[in-house]
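Any read-out appearing in this document is the output of simple, stated calculations on the displayed coordinates, not a laboratory observation. None of the values given here were measured: they were computed from a predicted structure. Cβ: placed from backbone, ideal geometry, glycine included. Neighbour counts: every protein chain shown.
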Ligand code: GUN
C-alpha cells in the first residue's frame, strides 16, 4: 500500500473530545445543550442510525431527546411538534430522521425546522447560507470530509477537486465547501460520460454515488486524495464504499477506508453542529 490512510474513527474521537469540552463550558454557564431527534416509523436502518446519534450525544454530554412516532403519524401532527420544538428554548438542535413515511412531504417537514436549529443542514436557508458564504449549518457528511482534508494539512487552494454525486446533502454542498477553499471544482455524477477522464485530472476525488467499484485505480492520478462517501454492501454482505480500495490504495496518496472513514465523521459533525447551535443560541 502506498496511500496513507485517513482514519475517520481516530479523527471523530478527537472531535467528540472537543465537543465534550465545549459542552462542559456551556454547562458551566448553566446551559444544557440538547438535541431533539424525531424518528417516525420503524425503518430498521433508521433505528440503528438514531441509536448511534443518541449514544454519541450522551457520550459527549449533550442531552438527546428522542421522540418516536408510529408510521401512521399525520404530517400535520409532525409539523405541530416541530413548531413546538422550534419555540422550546431548552432545545438547540432538531433532527428529523429520514426517510419519512411515504405519506409525508420530506421537503415540507425539513423546511418547518427553524434554520437556527437545523443541525442536519438540510434546510434551504442552510444551503443558501453555504452558497453565499454566510454563517449557517453545513451538512454533516461533506463537512466531515472537509475536516478529513484539514486533518492531513491539505492545501485546497488552486487544486482540482472532482466530486462524484450531486445530491443535495453531499455532492452539491461538498462542491460549495471546496470552492470556498479556492479549489477548482468539477461535479460529476453517475451519468457523466468518461468519468475516468475527469477523475484522472483530480488532486482530490470525493466519491458519493452509492455504487461499489465506481472509482478504480486506473481512474486515479498518482498521489491524489480519495475520499469515499459510499455505503454499499458487497456480494458477501460486507460494508464497502464507492472506491475499489485495494486497487486505489496502490495509486492514491491518501485514502479513506469504508468502514471507519467518512461514516464516523458524519456522526461527529452532527455533534459539532449541535454544540454550535447551543453556543449561538446562548451567546
Ligand atoms: N437518514 C440517513 N442519513 C441521515 C442524516 O444524516 N440525517 C437525517 N435526518 N436522516 C438521515
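For residue 52 and residue 282 in one chain, what is 0.36 nm times their gap in residues minus the Cα-Cα distance, to one decimal in nm?
Contour length minus the Cα-Cα distance gives 80.2 nm.
According to the Cα gyration tensor, what semi-axes, each the square root of 5 times an eigenvalue, does the equivalent ellipsoid of segment 71-203 have, listed from largest to smallest in whole Å?
Each semi-axis is the square root of five times an eigenvalue, giving 33, 18, 11 Å.
Extension gain residue 211-residue 98, at 0.36 nm per residue separation less the Cα-Cα distance, in nm?
Residue separation times 0.36 nm, minus the Cα-Cα distance, leaves 38.6 nm.
I'd like to compare 32-45, 168-181: which one has the highest average count of other Cβ atoms within 10 Å, and what's the full order after that?
Most protected by this proxy first, the peptides run 168-181, 32-45.
On a full-extension model of 0.36 nm per residue, what is the gain between residue 246 and residue 124, subtracting their alpha-carbon distance, rounded to one decimal in nm?
40.1 nm
Among 52-62, 133-143, how do they line up by average Cβ neighbours within 10 Å per residue, starting with the highest?
By packing density, highest mean first, the sequence is 133-143, 52-62.
Give me the percent of DSSP beta bridges within the chain that run antiparallel, rounded to the nearest 5.
Antiparallel bridges: around 5 percent, rounded to the nearest 5.
Between residue 218 and residue 10, what's the calculated FRET efficiency when r is the beta-carbon distance and R0 is 30 Å? Round to 0.05.
Once the sixth-power term is evaluated, E becomes 0.50.
Taking the Cα of residue 155, stepping 7 Å toward and past its beta carbon, and measuring to each backbone N in segment 170-206: which are under 14 Å?
Within reach of a label on residue 155: 182-183.
Whole number please: convex hull volume per residue, Cα atoms of the chain, in Å³.
129
At 222 nm, what helix-only mean residue ellipticity would the chain give, in deg cm²/dmol to the nearest 500, using -39500 (n - 2.57) for each DSSP H run of four or more?
Mean residue ellipticity, 222 nm, calculated: -12500 deg cm²/dmol.
Helix 44-59 versus the longest principal axis of the chain: what angle, 0 to 90°, nearest 10, using Cα atoms?
Approximately 80 degrees, to the nearest 10.
Consider a paramagnetic label point 7 Å from the Cα of residue 29 along Cα→Cβ; state which residues of segment 242-283 have an amide N under 18 Å from it.
Flagged as within label range: 272-283.
Find the relative contact order for the chain and round it to a whole percent, using C-alpha pairs within less than 8 Å whose residues are 6+ positions apart.
23
Can you work out the FRET efficiency for the pair residue 68 and residue 90, with r the C-beta to C-beta distance and R0 = 22 Å, to the nearest 0.05?
Calculated transfer efficiency: 0.70.
Sorting check: for 210-219, 110-119, which peptide has the highest mean count of neighbouring beta carbons within 10 Å, and how do the rest follow?
Per-residue Cβ counts within 10 Å, averaged per peptide and sorted highest first, yield 110-119, 210-219.
Specify the inter-centroid distance of segment 1-38 and segment 88-165, based on alpha-carbon positions, in whole Å.
The distance from the Cα centre of segment 1-38 to that of segment 88-165 comes to 17 Å.
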